[in-house]
Amino acid sequence: MTVQKVIPQMEKNFQQKAGVTFADNSPEFLLALAQEYGDIARFQFGPFKFVLISSPEMVREVLITQAKKFPKANRDVRLLSRVLGQGLVTTNGDEHKRQRRLSQPSFHHRRIASYAETISDYADVIGSELQPDQTINMAEEMEALTLYIVSKTLFDVDMEEMIERSAEIGHAIDVLQTLADKNFDKLFNLPMWIPTPDNIKNKRARKVLDSTITSIMEERREGGEDGVPKDTGDLLSMLMLATDEDGSFLSDLEIRDQLLTLFIAGHETTSNALLWTWYLLSQHPTVEAKLHAELDQVLGGRLPTMDDLKSLPYTEMVLKESMRILPPVWMLNARQAIEDTTIMGYPIPKGIQVFVSPYVMHHLPQNFPDPEKFDPERFSAENIDQIDKYAWIPFGAGGRVCIGNSFAMMEAQLILATLAQRYKFELDPSESVRLQARITMTNKFGMKMKVVERKRPSNIYRLENAVLEPVN
């Protein structure tokens, strides 16, 4: 039985589906494909053949059960290496396992818990600089805040030191994202040694980030003894002090690539998750009111701590539902079959690339009833067991699940709790949602929002079964 007979073959490369094309709106295109063809569908882009899978059982097969047969696709690794070097995202097999083993202690619960105070403090500083009735670009505000936080937690570089370089670094990251997006859309990419305009831009942007990281590493070694850096409690210290099973350290190049990966991923994904959360709250006042009630009841105006998070379940539910509807990582890197195999009985020839899209998985009604509804109650303690663990995958799954997922959730919850206590953010009437699906998904041209100062009510409210009730 041929693949064409089992998997519906699209008649044309990137034909229009449901009024959208892959180039114009990739997430919606793939969603339309899954809705029409079911759990598995095949399509083609030039010489590249792809399969889209969209059932939790198939996702588990590719990312867990048969993960060894489906490493990251060669093309994805090659193109992302132009941006990230040879880090966690761009390695496969034993090398990936080695890097993850050496990096994992950096994300131990106790280690990331020590960053909580910094996150709340930095969010409070940004909040104190906002003015009531001011119109801000929320995308820029969240990008700056998460940049300061990732710089402090990765490198122990204070916010004041980063302010001078934040614009330059932010621009470099944006250039690299834009170029990566362009490269993925091309059928063929010229080698980096050819001085095309895009390759020159790529090298200049990488130089900005590489020089920043390298200079910080040099300063750290100078502050240690006998070339061994002092552990200052940040992730850089952990990576520089990490030893392999044979006692060897990571090379400077490996550390730099690892830090670059964590720097870009930790900055972009969290800022976009928060951007979409503020947008969704602005469109759903009832949800926003429940969030405010929980924050008022638990925190009473003080900054949140790590210990408070367990008492803020609705805050976490809001973030999880936001990442369901508008996941920053809308598409996982393609997996490529290294041998002829099958997925749930469907033949997959060697070399074919498999797409797994969190956006698609999160918007199918068989996975989430009424999927377009913003409903944080899906993730309540009473309902969460109804969600298949391979249907909600904003951080991926399996051995390549995002290494910083716990840190990202903690960071987003603390920022949301800190700022939502003080302000509401109203969408500017002229603003609209135009999905820009690059390596991460954001809103094209940012998002203008009006700052509205909150006044805490004299009667504190509590949440009882998702209903607001006054506390007597």
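Could you tell me the center-to-center distance, by alpha carbons, between region 297-359 and region 98-125 in angstrom? Here the two parts' Cα centres lie 20 Å apart.
For 124, 370, what ranking results if the residue with the fewest other Cβ atoms within 10 Å of its Cβ goes first? Walk me through the numbers before you get to the answer.
Numbers: 124 17, 370 8.
So the ranking, lowest neighbour count to highest, is 370, 124.
Over all other residues within a Cβ to Cβ distance under 9 Å of residue 212, the charged ones net out to -1, with Lys and Arg as +1 and Asp and Glu as -1. Sorting 150, 157 by the number of Cβ atoms found within 10 Å of their own Cβ, with the fewest placed first, yields 157, 150.
Compute the length gained on full extension between residue 401 and residue 192: take 0.36 nm times their separation in residues and subtract their Cα-Cα distance, giving the result in nm to one decimal. Display every interim value, and only then the final one.
On the way: separation 209, 0.36 × 209 = 75.24 nm, distance 2.94 nm.
The span from residue 401 to residue 192 would gain 72.3 nm if fully extended.
Centre-to-centre separation between the Cα atoms of region 142-175 and those of region 31-86: 32 Å.
Which GluC sites (Glu not before Pro) does region 354-429 hold that lie in a coil by DSSP with at most 14 other beta carbons within 10 Å?
Values: sites: 372, 377, 382, 411, 426; in loops: 372, 382.
Passing sites in region 354-429 are 372, 382.
Percent antiparallel among DSSP beta bridges with both residues in the chain, to the nearest 5? Don't jump to the answer; show the numbers that get you there.
Details: 30 of 35 bridges.
Close to 85 percent.
Rounded to the nearest 20, the Cβ-based charge dipole of the chain about its Cα centre (Lys and Arg +1, Asp and Glu -1) stands at 1660 debye. Simple spin-label estimate for residue 48 and residue 100 gives 2.3 nm between the two label positions (7 Å along the Cα-to-Cβ direction from each Cα). The alpha carbon convex hull volume per residue for region 3-470 rounds to 154 Å³. Counting 0.36 nm for each residue step from residue 171 to residue 342 and taking away their Cα separation leaves a gain of 57.2 nm. Dividing the helix sum by the residues of the chain, where each DSSP H run of 4 or more adds -39500 (n - 2.57), gives a mean residue ellipticity at 222 nm of -15000 deg cm²/dmol.
State which stretch of the chain is the longest one without any exposed chymotrypsin sites (Phe, Trp or Tyr not before Pro), exposure meaning a DSSP loop state and at most 13 other Cβ atoms within 10 Å.
Values: sites that count: 188, 193, 445.
Excluding the exposed sites themselves, the longest stretch runs over 194-444.
Among rounded, prolate and oblate, which fits region 190-313 when a ≥ b ≥ c are the square roots of the eigenvalues of its C-alpha gyration tensor, a/c under 1.5 means rounded, and a/b larger than b/c means prolate? Note, shape of region 190-313 comes out oblate.
Sites count as exposed loop sites when they are trypsin sites (Lys or Arg not before Pro), lie in a DSSP loop, and have at most 15 other Cβ atoms within 10 angstrom; the longest stretch of the chain without one is 13-185. If R0 equals 51 Å, the separation of the Cβ atoms of residue 65 and residue 455 corresponds to a calculated FRET efficiency of about 0.45. Taking label points 7 Å from Cα along the Cα-to-Cβ direction, residue 283 and residue 251 give a separation of 4.8 nm. Within a straight-line Cα-Cα reach of under 16 Å, residue 69 can be paired with the following lysines, leaving aside sequence neighbours fewer than 8 residues apart in one chain: 97, 350.
None of the figures in this text is laboratory data; all of them are computed from the coordinates on show. Values in this document were obtained by computation on a predicted structure and should not be read as measured data. All Cβ positions, even for glycine, are placed from backbone atoms using ideal geometry, and neighbour counts span all protein chains on display.
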